[in-house]
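As structure tokens, the structure follows; a few thoughts come after it.
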Amino acid sequence: MPSTLVLFAGAAFAQAPADTEAPKPAPLATLQYASPIGAYQGYADQPVQSWREANDRVGQIGGWRAYAKEIK
């Protein structure tokens, strides 16, 4: 038991003196938060148009094949 006390006492003296200061940590970076739903736009109805104009527009674009290419 006395030898154990001597080991602990030696370890206590081996520590750095209390008057030395630890290095100061670097300042933390400022964090910024941007909500992922901040720019969310809810569903809005599209204006109603003539079905003839809609069909003509689809024909000008290239028909159903143009829409099928978009999906790829």
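Remarks
- Look at segment 40-67: where a residue is of a type in the set (Lys, Arg) and a partner is in a loop (DSSP other than H, G, I, E, B), sitting 6+ places away or on another chain with Cβ atoms under 9 Å, you get Arg57/Gln49.
- Residues that are assigned to a helix (DSSP H, G or I) and touching a helix residue (DSSP H, G or I) at 6+ places or on another chain (Cβ under 9 Å), drawn from segment 40-72: Val58, Ile61, Trp64, Ala66, Tyr67
- Among the residues of segment 27-57, the ones that are open to solvent by less than 100 Å² (accessible area, probe 1.4 Å), under 24 Å from Tyr67 (Cα atoms) and hydroxyl-bearing (Ser, Thr, Tyr) come to 1 in all.
The values are calculated or read from the model by the stated rules, or taken from the named source; none is laboratory data. The model shown is predicted, which means the values in this text are computed figures rather than measured ones. Neighbour counts are summed over all protein chains in view; Cβ atoms, including those assigned to glycine, are modelled from backbone coordinates with ideal geometry. Remember, those area values only see protein heavy atoms, side chains included, never the ligands or the DNA or RNA. Shrake-Rupley method; radii C 1.70, N 1.55, O 1.52, S 1.80 Å.
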